Structure formats: C-alpha cells, structure tokens
Ligand code: AMP
Ligand code: MN
Ligand code: MN
Ligand code: MN
C-alpha cells in the first residue's frame with residue numbers, strides 16, 4: 001500500500017498510467033495518486049491499473065496554518081470522488097497556481113534568473129503547476145546547479161521569488177474534505193514541524209489521521225506520530241511521496257522500514273465507511 005505519490009497531473013515526472021503500471025509491477029495492492037490540488041490524474045491511473053491494484057482517489061491540498069504551509073492529504077471513496085463541487089473547488093486552486101506561477105516568473109526575472117515560462121506551461125499542459133516545475137526550469141536555464149538550490153536561493157520561503165499559494169486555512173480544508181465524505185491526514189508532519197496542539201486542534205475540525213510514515217521521517221519521528229495518533233484516536237497513514245525520477249525514494253511499500261501492516265485495514269475501513 002502506498003497512499004501518497006505524484007504524477008504529471010502535478011509535479012511528478014511519470015504519467016498517471018505509468019505510475020499505476022509501476023505500482024502494480026512492484027506488487028502493490030492499494031495505491032493513491034495524490035497530486036497537488038487536483039484529482040485530474042485519477043481516472044487515467046484507474047484505467048491503467050490491473051484488477052490486482054486498487055486506486056484510491058486522492059489529493060494533496062496546499063493549506064496554511066499558523067503562518068506556514070501545511071500539506072493536507074485527502075482521500076475519497078470512488079463514488080464520492082466525482083462530486084462536481086469538489087472538482088470545481090480544486091479547479092479554482094489549480095487556476096490560482098497558474099496565476100502564482102506568473103508572479104514567480106516575474107520575480108525570477110527581476111532577481112536576474114529568467115525562465116522559459118512557455119516551456120513550463122507546455123510541460124504542465126493545463127495541469128497543476130508547482131514550484132518543482134519552476135525548479136526544473138531554473139535548472140534547464142542554468143541558473144542553478146542542483147534542484148534543491150532553487151528553493152535555497154530563489155523560491156523557498158523568505159527568498160526573492162517566493163510566492164505562497166492562495167490562502168486556505170488547514171482547518172477549513174479539513175472541514176471541506178469531511179463535508180465531501182473524504183478522509184484527511186497531515187502530510188509529512190515531521191518535516192513541517194507540526195506540533196501536538198496543532199494536531200489536536202485540527203482533529204477537532206475533523207482531521208482523520210497523520211502521515212507518520214514518510215521517507216523523510218526518521219524512526220523516532222515515525223514513532224512519535226504513531227503514538228500521537230493512537231492517543232488522539234486518529235489514523236496512521238503513510239506513503240512514498242514519489243515524484244518519479246530522478247528521486248531518492250521509491251514508489252511502493254519501501255517507506256522507512258516499510259509501511260506496517262496495521263496501517264492498511266483501519267485506513268480502508270475509514271475510507272469505505
Ligand atoms: P508548491 O506546492 O507549488 O509550493 O510546490 C511544492 C513542491 O515543491 C513540493 O511538493 C516538492 O515537490 C517541491 N519542494 C518544495 N520544497 C522543496 C525543497 N525544499 N526541496 C525540494 N523540493 C521541494
Ligand atoms: Mn511535489
Ligand atoms: Mn507535500
Ligand atoms: Mn507529496
């Protein structure tokens with residue numbers, strides 16, 4: 001089971017069909033495609049998936065809480081994932097990302113690091129544009145020598161071309177997901193420094209779980225969030241956060257020491273409830 005990965009519907013480098021085919025080849029039985037602010041890749045992944053692989057419609061929503069970015073994973077049962085209101089709202093978020101990209105492009109030019117915006121728009125092909133697209137464009141333009149440098153010098157918080165996504169309070173997004181019959185989990189809480197009081201506050205808004213298992217969480221972090229989930233009556237979720245190649249992580253069950261078997265049944269029970 002892998003509950004967090006990306007495709008060309010946002011900043012992944014493989015198409016949704018390729019991601020589904022790869023996941024099946026790796027022996028996965030449950031995969032959620034969770035592109036940034038969009039469910040647009042899910043249909044293609046479902047079409048490509050063999051009967052042995054269940055595709056769970058998912059999305060990684062960019063939100064803000066206490067002045068910083070929080071990524072909220074949301075999953076929907078198949079019969080709830082086609083809700084027009086859900087898609088309309090996410091389409092507005094993707095439109096906002098497109099406008100944000102224009103502002104980032106302007107700021108990069110002003111900072112002496114112009115990029116080929118049209119090439120990015122062609123690559124994204126109407127899908128969700130992220131800072132990962134910008135980082136790849138900066139690499140192609142020769143302004144940086146490594147992907148990570150884009151965030152350290154230009155587009156990370158506090159840097160000259162940083163532009164946040166349109167505001168959406170995490171608690172409101174949690175309520176939005178719940179109102180559409182979905183379940184939600186805070187993505188990579190250890191990386192973003194999410195505190196227990198913050199998890200408790202979001203749990204009161206209807207948060208379903210925390211992503212204890214993420215490749216960038218060390219064992220101690222995984223343990224801490226598993227314990228927090230248990231004590232607060234929340235689900236434990238996990239995934240590879242795979243973005244295709246080149247990448248340090250793998251699509252599939254290899255998350256830290258492996259996604260424990262006890263994650264799967266409670267997750268699917270909550271999803272299908
Ligand atoms: P956005 O949602 O447009 O702000 O872009 C966020 C995406 O950019 C993340 O999902 C990652 O794929 C990538 N990203 C953000 N920060 C970093 C970072 N410090 N290092 C590498 N990739 C990053
Ligand atoms: Mn990403
Ligand atoms: Mn994320
Ligand atoms: Mn992600």
Relative contact order for segment 80-180 using alpha-carbon pairs under 8 Å, separation at least 6, rounded to a whole percent? 30 percent
FRET efficiency, residue 125 to residue 220 (Cβ-Cβ, R0 35 Å, nearest 0.05): 0.30
Relative contact order (%) - the chain, alpha-carbon pairs under 8 angstrom, separation at least six: 21 percent
Using only the Cα atoms, work out Rg/Rh for segment 3-51, with Rh taken as the Kirkwood radius, to two decimals. 0.92
If each DSSP helix of 4+ residues adds -39,500 (n - 2.57) and the sum is divided by the residues in the chain, what number results at 222 nm, nearest 500 deg cm²/dmol? -12000 deg cm²/dmol
Which parts of segment 163-186 would a label at residue 80 reach, counting a residue when its backbone N lies under 13 Å from a point 7 Å out along Cα-to-Cβ? 174-185
Taking every pair of alpha-carbon atoms in segment 179-239, give the share separated by more than 20 Å as a whole percent. 16 percent
Arrange the peptides 230-237, 125-132 so that the one whose residues have, on average, the most other Cβ atoms within 10 Å appears first. 125-132, 230-237
Most exposed to least, judged by fewest other Cβ atoms within 10 Å, 33, 139, 86 sort to 139, 86, 33
Crossing angle, helix 131-140 versus the chain [Cα axis fit, 0-90 degrees, rounded to tens]: 40 degrees
Of all DSSP beta bridges having both residues in the chain, the percent classed as antiparallel (nearest 5) is 45 percent
Kindly list the residues of segment 155-195 that lie in the label zone of residue 230, defined by a backbone N under 12 Å from the point 7 Å along the Cα-to-C-beta vector. none
Determine, from the Cβ-Cβ distance of residue 43 and residue 110 and an R0 of 41 Å, the FRET efficiency 1/(1 + (r/R0)^6), rounded to the nearest 0.05. 0.55
Two pseudo-spin positions, 7 Å from Cα along C-beta at residue 147 and at residue 268, lie apart in nanometres by 3.1 nm
Label-point separation in nm, residue 87 to residue 52, each point 7 Å along Cα→Cβ: 3.1 nm
Fewest to most neighbouring Cβ within 10 Å: what's the order for 87, 4, 71? 87, 71, 4
Rh (Kirkwood; distinct C-alpha pairs) - the chain, Å: 18.8 Å
With an 8 Å Cα cut-off and a minimum separation of 6 or more residues, compute the relative contact order for segment 128-231 in percent. 18 percent
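Each value in this text was obtained by applying a stated rule to the coordinates, not by laboratory testing. Values in this document were obtained by computation on a predicted structure and should not be read as measured data. Note that we place each Cβ from the backbone using ideal geometry, even for glycine, and neighbour counts take in every protein chain shown.
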